[in-house]
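Inspection log for the structure reproduced underneath, given as structure tokens.
The values are calculated or read from the model by the stated rules, or taken from the named source; none is laboratory data. Treat the numbers as computed from the prediction; the structure is a model and nothing was measured. Positions of Cβ are backbone-derived with ideal geometry, glycine not excepted, and every protein chain shown enters the neighbour counts. Side chains are part of the model used for accessible areas, which takes the heavy atoms of the whole protein and leaves out ligands, DNA and RNA. Shrake-Rupley method; radii C 1.70, N 1.55, O 1.52, S 1.80 Å.
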Amino acid sequence: GVDLQVCTSKVPTCCTKKMEERYQTAAKQDIQQVLQTSSAALKFLISRNAAAFQENFQMLIRLAENYTSTLFCGTYRNMAAEATKRVQELFTDVGLFIFGTDVSTEEFINRFFDALFPVVYNHMINPGPTDISLEYAECLQMMRRDIRPFGDVPPKAIGQMEKSLLPSRIFLQALNLGIEVVNTTDHLRFSKDCSRALLRMQYCPHCKGLTLSKPCMGYCLNVIRGCLANMAEVDLHWRGYIQSLEELSSALSGAHDIENVLLNFHSLVNDALIQARINGPELSEQVNKLCGPPVRKPTVSPGCSFDQNIQERKMFSRDSEETLANRRKEFINNLRLYRAFYGGLADQLCSNELAAADGLPCWNGEDVVRSYTHRVVGSGIKAQSANREVKVKGTDPVINQIIDKLKHIIQV
């Protein structure tokens, strides 16, 4: 093979140009395989937890909705049918918000209390033989924020919900970004120069019949650090990402814990109803001034149609082991082990998979030697200017994009 491009030699070898091309493909596939194997556990850790947290949040929302509807069915039966519909709408909005839709917490909590006021007025403050008319209910709804029938409960509910829902939403977004980062780096395209260096390191010895020799450690580091120079740039931002996830996780505990806030929402609603009952006579007076005397229409309020699913409560065990806070803590502790994943990737690949063990004869790109004598460069793009094995030209736009996303989520 006189026309070899990479595995050139002064003496004839076992390789033809076609053979070299096949080795080139194999070298690329090998490195892809090794990369994907090394990130598999990290990817599994994040994606398994993203799915588990999503499921936990869904169950939590359903349970909180159950608790709140049960309050009406048990204690305020006469208004249960209308109120549970409002409860359902509220918790649908809670779910939309946590899973990333742009809805305002303040807006949907206010909407809930606005819609609840006519129901409370009709059945508790000024009950009559028939229901109030639709127009009259609309007037009450519009006046709720001025009259403040529920006292300071709505602003309190808004404060609690904002402080617990937003961090949970960001937590899920961050986990999904983590999966995206690993997927992106798993399928990175290698430059022509890197591909040739991989071929020289992995398969050129085969052309000389040296099928058992492995690359020297220093040589391997230069080739792989050159090939992964762009990926090493992710290191700083990946560390920042894990640290900010850690901080976010501790901010989610305590008073703003989503479990506490959602599962105790029903008692806030109860406080609101008690407040409305106590201030009943004053409220009636204010309503008469603003909306006139009640206009009624003949209707029959249906009873309680809500299905109190006790089964679900048992499923969401409130055991200390299984609380969301503990689950988060365990996840963060496991993720912390991968802090240096991108910075140490080249070293990990060479020492675990690719290079010869210390002290054994090894391949230096041209021959089998006792040890590699050239300078070994550091990680990252800047360090590659002194790399004799791989030329690195500028930054990779795909990596830049992923770094920007990491910077953004850290800020959020």
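Using the 1.4 Å probe convention, the accessible area of the chain works out to 50 Å² per residue with neighbouring protein chains retained. Between Ala26 and Glu107, the C-beta separation translates, for a Förster distance of 60 Å, into a calculated FRET efficiency of about 0.55. For the chain, modelled as a GNM whose springs connect Cα atoms under 10 angstrom apart, the maximal fluctuation among Val182, Val103, Val269 occurs at Val103. Mean residue ellipticity at 222 nm, helices only, the chain: -21000 deg cm²/dmol; runs of at least 4 DSSP H residues each add -39,500 (n - 2.57), and the sum is divided by the number of residues. 3J(HN,Hα) couplings calculated from phi for the stretch 339-346 with the Karplus curve 6.51 cos²θ - 1.76 cosθ + 1.60 (θ = phi - 60°) are, in sequence order, 4, 9, 3, 6, x, x, 5, 4 Hz; Gly and Pro show x.
Once all protein chains are placed together, Glu285 keeps about 120 Å² accessible to a 1.4 angstrom probe.
Rounded to the nearest 20 debye, the dipole magnitude of the stretch 1-137 is 960 debye, with +1 charges on Lys and Arg beta carbons, -1 on Asp and Glu beta carbons, and the Cα centre as origin. Taking a straight line from the alpha carbon of Lys405, these lysines sit under 29 Å away, with near neighbours fewer than eight places off in the same chain left out: Lys28, Lys43, Lys163, Lys192, Lys329, Lys382, Lys391, Lys393. With the whole protein complex present, His408 retains an accessible surface near 110 Å², based on a 1.4 Å probe. Using a simple spin-label model with pseudo-atoms 7 Å out from Cα toward Cβ, Gln286 and Lys156 lie 1.7 nm apart. Short-range pairs are left out: with C-alpha atoms under 8 Å and at least six residues apart, the relative contact order of the stretch 37-156 is 19 percent. With an a/c value of 1.5 or above and a/b not larger than b/c for the gyration tensor axes a ≥ b ≥ c computed over the alpha-carbon atoms, the stretch 317-399 is described as oblate.
What length, rounded to one decimal in nm, is gained on full extension from Lys391 through to Asp193, with 0.36 nm per residue of separation minus their alpha-carbon distance?
70.6 nm
With r defined as the distance between the Cβ atoms of Leu212 and Val34 and R0 fixed at 22 Å, what FRET efficiency is calculated, to the nearest 0.05?
So the FRET efficiency works out to roughly 0.70.
The Rg/Rh ratio for the chain is 1.24, where Rg is the radius of gyration of the alpha carbons and Rh is the Kirkwood radius.
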